[in-house]
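Accompanying notes for the structure given below.
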There are 2 protein chains.
Amino acid sequence: MKCLVIVAHGSRRQASNEEVKMLAAKVEKNLPEGFSGVEIAFLELASPSIEEAIDGCYKAGASELLVLPYFLSAGTHVAKDVPHEVAKAMDKWPDKSIDIVPHIGSLDSMTKLILSVCD
Amino acid sequence: MKCLVIVAHGSRRQASNEEVKMLAAKVEKNLPEGFSGVEIAFLELASPSIEEAIDGCYKAGASELLVLPYFLSAGTHVAKDVPHEVAKAMDKWPDKSIDIVPHIGSLDSMTKLILSVCD
C-alpha cells in the first residue's frame, strides 16, 4: 500500500505544527483507494523528522511513499533540503520506492484555491 | 470594483517572489465578475509592501479590497503582522472597505488540493 508523507517546514509554535497535523488527519479521511495512510514530517523545529516518518511508514508495511513538500514556493528547502533528507532516509530502504511530488504552491489547482476566496 | 491582494511572506530569493507573482497573474486571468484585479504584496524582504499594494489599489479606483494571507499556518505573521500592516495602511483610507480572509492553509479546499497529488 502507498502512504502519503506531507513534509512541512515545522515551527517553534506548537499550534502551527498542530494545524498541519489536523489538516493531515482530514486528508487521511478522504484518501483514494490504494493509499493506506498519511504521515506528517517536519523539516526542522518539530518532530517527527522526515527520516522518522519514512521509517515509520515502511515499518508499518507501506510499499511505496509519495512525499508532498508542503511549501508555497520553491526555495532552498524544496530544491535541496527536502530531497537531501529523503535521500538520506532512503539509504536504509534500498528496495523501497519513493516519489517526491511538486511542492503545494506549484500545483495547478492552487489558482482555484486562491480564487475560492472571491466567491 | 473589488481587488484581491495576495500577501506573501517574501523571500531573499527573487525566484520565490517571482513564483508568487506568476501565480497571481494566473489568478487574475480567472477572476469572477466584480473583481477588477489582483495585486501581490510582501510582508517582508521584497516589494511592494502591504501598504504600497493597498495604496496602489485604491489609487487605481478600487472600492473594496480582499486581503488573502498566503501563508500555510496561523503563526505570528498571520495573527499579528499582516493585520497590523493592513491597519496601518488603512489609516490613510478611512472611507474605504477592506476584508482579511483566512490564510490559505486554513481554507476548506486545501484538503482537496493535497489529495490531488494522490491521483
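Read-outs: derived from the displayed coordinates by stated rules, not from any lab. Everything numeric in this text was worked out from a predicted model, so none of it was measured. So basically every Cβ, Gly included, is an ideal-geometry build from the backbone, and we count neighbours across all protein chains shown.
In nm to one decimal, list the spacings between the residue B:25 label point and its equivalents in the other copies, with label points set 7 Å along Cα to Cβ, shortest first.
Inter-copy label distances (nm, one decimal, shortest first): 4.1.
Need the C-alpha centroid separation for the stretch B:58-102 versus the stretch A:42-70, integer Å.
If you average the Cα positions of each part, the centres end up 36 Å apart.
Copy-to-copy spacing for residue A:13, label 7 Å out on the Cα-to-C-beta vector, in nm, shortest first?
Ordered by increasing distance: 2.3 nm.
Sort by residue number and name the cysteines in the protein assembly as shown that have no neighbouring cysteine Cβ under 4.7 Å.
Singleton cysteines: A:118, B:118.
Show which lysines lie in cross-link reach of residue B:21 when reach means a straight Cα distance below 16 angstrom and same-chain residues fewer than eight apart are skipped.
Within reach: A:112, B:29.
Using square roots of five times the C-alpha gyration tensor eigenvalues, list the equivalent-ellipsoid semi-axes of the protein assembly as shown in whole Å, biggest first.
Each semi-axis is √(5λ); the values are 36, 17, 15 Å.
Residue by residue through the stretch A:99-116, what is 3J(HN,Hα) from phi via Karplus (6.51 cos²θ - 1.76 cosθ + 1.60, θ = phi - 60°)? Round to whole Hz and write x for glycine and proline.
9, 9, 8, x, 4, 4, x, 9, 6, 3, 7, 4, 4, 5, 4, 4, 5, 5
Please give me, ordered by residue number, the trypsin sites (Lys or Arg not before Pro) of the stretch A:38-119 that lie in loop per DSSP and have at most 15 other Cβ atoms within 10 Å.
Those satisfying the criteria are A:92, A:96.
So for the stretch A:38-80, what percent of the C-alpha to C-alpha distances run longer than 14 Å?
Considering the stretch A:38-80, 52 percent of its Cα-Cα pairs are separated by more than 14 Å.
Please find, among residues of chain B, the one with the beta carbon closest to the rotation axis relating it to chain A, distance in whole Å.
With distances in whole Å, chain B gives B:113, 3.
State log₁₀ I(q)/I(0) for the stretch A:1-71 at q = 0.28 Å⁻¹ as given by the Debye formula over alpha-carbon point scatterers of equal weight, solvent excluded.
Treating every Cα as an identical point scatterer, log10 I(q)/I(0) equals -1.31.
R0 = 30 Å: FRET efficiency of residue A:108 with residue B:92, Cβ-based, nearest 0.05?
0.20
Over the whole of B:62-69, what's the average partner chain Cβ count within 10 Å per residue? Rounded to a whole number, please.
Taking the mean over all residues of the peptide, I get 1.
Treating the point 7 Å from Cα along Cα-beta-carbon as the label, what are the nm separations from residue B:59 to the other copies, to one decimal?
So the label point of residue B:59 gives 5.9 nm to the other copies.
Which residues among the stretch A:65-98 fall inside the zone where the amide N is under 13 Å from a point 7 Å beyond the Cα of residue A:51, along Cα→Cβ?
A:84-93
Quantify how strongly other chains surround peptide B:45-56 by giving the mean number of their Cβ atoms within 10 Å of each of its Cβ atoms.
Details: counts 0, 0, 0, 0, 0, 0, 0, 0, 0, 0, 0, 0.
Average neighbour count from other chains, rounded to a whole number: 0.
Using 5 Å bins from zero, what percent of all Cα-Cα pairs in the stretch A:2-118 falls into each bin?
Histogram of Cα-Cα distances, whole percents per bin: 2, 11, 21, 24, 21, 13, 5, 1, 0, 0.
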